[in-house]
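Data first, discussion second: the structure below is written as structure tokens.
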Amino acid sequence: RDLGHSEPYFHTGRHHDLSSVLEVYLRSSNRARAGILRNADPELAVISINAKDMSDLAAFLESLNEDYE
């Protein structure tokens, strides 16, 4: 929980919002399905989402934030 408040994301800290993180997974999924992602986890190849799914998923993840104030 509270994923939306735990930026930056990934070990490089390169991504600062959940939407850009989801884009990384979408690109990786597409590459895994095409067989061009080296050492891809087989689970990546079965991820299939569209633009509407992306915004819905980002909204869901952000809804899990807790208000500590």
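The values are calculated or read from the model by the stated rules, or taken from the named source; none is laboratory data. Keep in mind that what you see is a predicted model, and the values were worked out from it rather than measured. A quick note on method: Cβ atoms are made from the backbone with ideal geometry, for glycine too, and the neighbour counts reach across all protein chains shown. Ligands, DNA and RNA are excluded from the accessible area calculation, which covers all protein heavy atoms including side chains. Shrake-Rupley method; radii C 1.70, N 1.55, O 1.52, S 1.80 Å.
Within the range 44-69, being part of a helix (DSSP H, G or I), of a type in the set (S, T, Y) and within 13 Å of Y25 (Cα to Cα) holds for no residue.
Selection within the range 28-43: residues that are out of contact with any Asp or Glu (no Cβ under 8 Å at 6 or more places or on another chain) and not in a loop (DSSP other than H, G, I, E, B). The member of this set that is least open to solvent (accessible area, probe 1.4 Å) is S29. Among the residues making up the range 1-27, a single one is open to solvent by 40 Å² or more (accessible area, probe 1.4 Å), of a type in the set (F, W, Y) and modelled with pLDDT under 80: F10.
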